[in-house]
Each structure stands twice: as structure tokens, then as C-alpha cells.
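Input: a single structure, listed below in C-alpha cells.
The values are calculated or read from the model by the stated rules, or taken from the named source; none is laboratory data. Quick caveat: nothing in here was measured; it's all calculated off a predicted structure. Note that each Cβ is placed from the backbone with ideal geometry, even for glycine, and that neighbours are counted across all protein chains shown.
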Amino acid sequence: MSELSVLLVEDNPRNLKLARDVLEYAGFAVTAVTTGEEALPAARRGMPDVILMDLQLPGIDGHAALEQLRGDPRTSGIPVVAVSAFAMPADRERALGSGFDGYLEKPISVRHLPDEVRRHVRGADGPR
Ligand code: MN
């Protein structure tokens, strides 16, 4: 079985390192960018199996970056999971309503992150 690839979009260095370490240890191939602007070009280059998208980013936010990914036929089918520190239930609803495939709350669970990511890859409902 070839390893699954994940693109992390996260501006906080500590959060990025934690997610990267956990996913690499679990056998994922991880690439990362720190701004929403870089998400689309990085996704086009690497064609990851799944993208974890921080919602609060400098410059364009996670919602705007998702729109760019969905607007490009090459990347529109890649599952994108929102990651947010917002504790508001409405934030989750908004993220799922605006087209994210999933929603993870920070702080991320070191124990559950790999399974959450796998679940979204396998749960992808085919090409859009
Ligand atoms: Mn952030």
C-alpha cells in the first residue's frame, strides 16, 4: 500500500510541527505551506490525497483558499478538512456548509488525527 499524502495549510509553527510529526510518524507523506495563497499551487504540484486547512490564516483565510481549490478542476475533488480553534458550534456548521469535507477542532488530538485523516480520504465520495 502506498503511503497517503497530506498537504497541511497552517500558519502557526507549533501547530504545524505537531501535525507534521504525528502524521509522518503514522506513515503519511506530509507537505506544508503557511498561507492560504500557497494552498492551490502546492495542491496542484503535489496532488495530495487530503488537505488539512487551518481556517485562520494571514492573507486569505481557509474559506477563500477552499474556494480557489474548488474552482480548479485539477484540485476540486481533493478532500479538504477544516481545522479551527473556534469553539463555536456555528463555526463547524459554517465550515461544513461552505463545502469542507470535515472539521477538526484545535487542539488536534494526537491520538486520533491519523484515523481522522484516513477516514476523510476513504470517505471521499468520488470525483465532483
Ligand atoms: Mn492560523
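Note on the range 19-45: residues that are assigned to a helix (DSSP H, G or I) and crowded, with 17+ Cβ neighbours inside 10 Å amount to 8.
Counting just the residues of the range 1-18 that are of a type in the set (S, T, N, Q) and not in a strand (DSSP E or B), which one comes out surrounded by the fewest Cβ atoms within 10 Å (Cβ to Cβ)? Here the answer is SER2.
Test LEU57 against the criterion of being more than 12 Å from the chain's Cα centre (by Cα) and crowded, with 20+ Cβ neighbours inside 10 Å, and give yes or no. It is true that LEU57 is more than 12 Å from the chain's Cα centre (by Cα) and crowded, with 20+ Cβ neighbours inside 10 Å. Candidates PRO48, PRO73, PRO79: the one that is modelled with pLDDT of 95 or more and more than 22 Å from VAL30 (Cβ to Cβ) is PRO73.
Quick grid of which residues meet (1) under 17 Å from LEU16 (Cα atoms); (2) touching a residue at least 12 places away in the same chain (Cβ under 8 Å):
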site: ALA39; (1), (2): yes, yes
site: MET47; (1), (2): no, yes
site: GLY62; (1), (2): yes, yes
site: LEU66; (1), (2): no, yes
site: VAL81; (1), (2): yes, yes
site: SER84; (1), (2): yes, yes
site: ILE108; (1), (2): yes, yes
site: ARG111; (1), (2): yes, no
site: ARG118; (1), (2): no, yes
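Within the range 62-76, restricting attention to residues that are in a loop (DSSP other than H, G, I, E, B) and surrounded by fewer than 16 Cβ atoms within 10 Å (Cβ to Cβ), the residue that is farthest from the ligand (Cβ to nearest atom) is PRO73.
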